[in-house]
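The values are calculated or read from the model by the stated rules, or taken from the named source; none is laboratory data. From a predicted model like this one, the values you see are computed outputs, not experimental measurements. Cβ atoms come from the backbone with ideal geometry, glycine included; neighbour counts cover every protein chain shown. Protein only, heavy atoms only, side chains kept; ligands, DNA and RNA dropped before computing areas. Shrake-Rupley method; radii C 1.70, N 1.55, O 1.52, S 1.80 Å.
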Amino acid sequence: MLPLIRHIPPAKKVIWLGWGYDYYGRLLAGAYPEGLLLPLSRQLLENAPRPGRVRALASACERWINLALGNSVRYHSTLLRRVDYFAPVIDSEYRLACQLNPWFRPACASWNYGTVESDMGGAQPTEDPLGGNILIGNSATIENNHLEIFELLLRHVDLSGRQIIVPLSYGDDWYRDRIVASGQHLFGDRFVPLTSFMDRQAYVEVLHGCGHVFMNHLRQQALGNICIMMLKGARIYMNPLSPLYSWLTDKGGVISSVAELESAACGAKVGLMPLDERERAINAAVVKGHWGQEIQRTRTRRLVEVALGMDERPVQ
């Protein structure tokens, strides 16, 4: 993206529609001085095969270089100052980016890809109760911090009658293999890794068996899976350090913390409790209220008007 900005005429608006990966290493590295890995996952990385370790460390080094230089390298800051509107996945990331990078001062644009009706249509709430299985993470990437959740479940949760469903169809091969080996060792036949891509309907059917979801990322990640499971009525457990956790709870979402589960156990194993009808309705309303088709259509219309110079107001 950055080299292309040089060639945009000054009179044209520059709008950055963020996905997450594109701005965490550059703008939000300062929020994670110790990186995005928890202790067991960090140890796994240190013992990884050389090719996988090199790729992962290269990504980590990029974040550390950006942090060490204060995200103020002339090449980056000069070009990023050209951005007129910044639309991250959640608006709290906009505020954090501006806080960590005082030179970064675009207006905030509220826009996200995807709608409940078009992209989450197979996840509409049903009267059929969800199964008792557990979904962990969204990919074979080490930032999922799978190993910490494995240990948490093994030590504190009664897993009787439950399967552990772990999507691993994309990401790093070496990490996928390590997580599969670890899951099979710890949970035996209960562990069900999803290592191949599935069509949407088949995947949604698997998700319908999961009434409990654990997402242990320290950054905003796996939002699509989280929204689908909120619509379906699952109880979501997230790492409280994730900005997505705070964002969802600030909007009234019923989101549990992985830390709460550990403290509630008090040395004993606990059963996971499903959401009640009121809590399920609240979570579905939060998702529909932000990603509903009509809301997204209005935001898109405003964004196009801003891009064409027809409207100079902030895109909220």
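Within the range 156-167, can one find any residue that is of a type in the set (A, V, I, L, M, F, W, C), in contact with an Asp or Glu (Cβ under 7 Å, 6 or more places away or on another chain) and either farther than 19 Å from LEU37 by Cα or in contact (Cβ under 8 Å) with a residue 24 or more places away in the chain (or both)? Please lay out each step first, then the result.
Residues of the range 156-167 of a type in the set (A, V, I, L, M, F, W, C): 157, 159, 164-166.
This time we only want the ones that are in contact with an Asp or Glu (Cβ under 7 Å, 6 or more places away or on another chain), so: none.
There is no residue in the range 156-167 that is of a type in the set (A, V, I, L, M, F, W, C), in contact with an Asp or Glu (Cβ under 7 Å, 6 or more places away or on another chain) and either farther than 19 Å from LEU37 by Cα or in contact (Cβ under 8 Å) with a residue 24 or more places away in the chain (or both).
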### Query
Quick one: would you say ASP177 is outside any strand (DSSP E or B) and over 30 Å from ALA268 (Cα atoms)?
yes
### Query
Quick one: LEU186 ticks every box in (1) in contact (Cβ under 8 Å) with a residue 12 or more places away in the chain; (2) more than 22 Å from the chain's Cα centre (by Cα); (3) more than 19 Å from LEU40 (Cα to Cα) bar one, so which box is it?
(3)
### Query
Given the residues TYR175, TYR170, which is the only one that is open to solvent by 30 Å² or more (accessible area, probe 1.4 Å) and of a type in the set (Ser, Thr, Tyr)?
TYR170
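Tally up the residues in the range 187-197 that are closer than 22 Å to GLU143 by Cβ and open to solvent by 30 Å² or more (accessible area, probe 1.4 Å), please.
Within the range 187-197, the first condition is being closer than 22 Å to GLU143 by Cβ, and the residues that meet it are 187, 191-197.
Subset that is open to solvent by 30 Å² or more (accessible area, probe 1.4 Å): 192-193, 195-197.
Going through the range 187-197 one residue at a time, the tally reaches 5.
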### Query
Is it the case that some residue within the range 117-133 is touching a Gly at 6+ places or on another chain (Cβ under 8 Å), among the hydroxyl-bearing types (Ser, Thr, Tyr) and either open to solvent by 30 Å² or more (accessible area, probe 1.4 Å) or more than 23 Å from TRP247 (Cβ to Cβ) (or both)?
no
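If you go through the range 197-214 one residue at a time, do you hit one that is basic (Lys, Arg) and more than 26 Å from ALA285 (Cβ to Cβ)? First the steps, then the outcome.
Going through the range 197-214, the residues basic (Lys, Arg) turn out to be 200.
Adding the requirement that they be more than 26 Å from ALA285 (Cβ to Cβ) leaves none.
There is no residue in the range 197-214 that is basic (Lys, Arg) and more than 26 Å from ALA285 (Cβ to Cβ).
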### Task
Might you let me know whether the range 301-312 holds any residue that is open to solvent by 70 Å² or more (accessible area, probe 1.4 Å), farther than 29 Å from GLY25 by Cα, hydrophobic (A, V, I, L, M, F, W, C) and more than 23 Å from the chain's Cα centre (by Cα)?
yes
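Out of LEU130, LEU135, LEU159, report the one residue that is in contact with a Cys (Cβ under 6 Å, 6 or more places away or on another chain), within 21 Å of SER257 (Cβ to Cβ) and outside any helix (DSSP H, G or I).
On the way: LEU130 fails: in contact with a Cys (Cβ under 6 Å, 6 or more places away or on another chain); LEU159 fails: in contact with a Cys (Cβ under 6 Å, 6 or more places away or on another chain).
Just one listed residue meets the conditions, LEU135.
For the subset of the range 18-34 comprising residues that are open to solvent by 20 Å² or more (accessible area, probe 1.4 Å) and under 16 Å from the mean Cα position of the chain (by Cα), which member is modelled with the lowest pLDDT?
Applying the filter and picking the extreme gives TYR21.
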### Task
Please identify the pairs in which a residue from the range 18-44 that is more than 21 Å from ALA107 (Cβ to Cβ) has its Cβ atom under 9 Å from the Cβ atom of a residue that is of a type in the set (Val, Ile, Thr) and surrounded by fewer than 18 Cβ atoms within 10 Å (Cβ to Cβ), counting only partners at least 6 apart or on another chain.
ALA29/ILE65
